[in-house]
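Notes for the one structure printed next.
Please treat every number below as a calculation from the coordinates, not as lab data. Predicted model, so just to flag it, every value in this text is computed and none were measured. Using ideal geometry, Cβ is built from the backbone for each residue, glycine included, and neighbour counts are taken over all protein chains shown.
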Amino acid sequence: MASGLGNPPPVPSAGLVISAAAGCFHKQIDGTPAYLSVWFTGDLNVPGAIQEPKDLYGIELAGSHDGDASC
């Protein structure tokens, strides 16, 4: 499995985080690209707003024969 995991962008101390992608992995399965994304919702916390727990995470699996899927 190839990894798109690199150095994720740092989370600013103030302001809106546009992307909290912490890891993106991809692999060809029977000729179709498949993508697995893992992120932590706490990375999207904005000061003064409702705070998501730091240990809450999301996982998404996507695949597409026409190439529309990505992380």
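A simple rule links phi to the HN-Hα coupling: the Karplus curve 6.51 cos²θ - 1.76 cosθ + 1.60 with θ = phi - 60°, which for region 33-50 gives x, 10, 10, 10, 10, 10, 8, 10, 5, x, 5, 9, 4, 10, x, x, 10, 4 Hz, with x for Gly and Pro.
Kirkwood radius and radius of gyration were both taken over the C-alpha atoms of region 20-71, and their ratio Rg/Rh is 1.15.
The H on the amide N of residue 57, modeled in the peptide plane, is under 5 Å from the matching H of 41, each at least 5 residues off or on a different chain. Residues of region 23-40 with an amide N closer than 11 Å to a point placed 7 Å from the Cα of residue 61 along the Cα-to-Cβ direction: 35-37.
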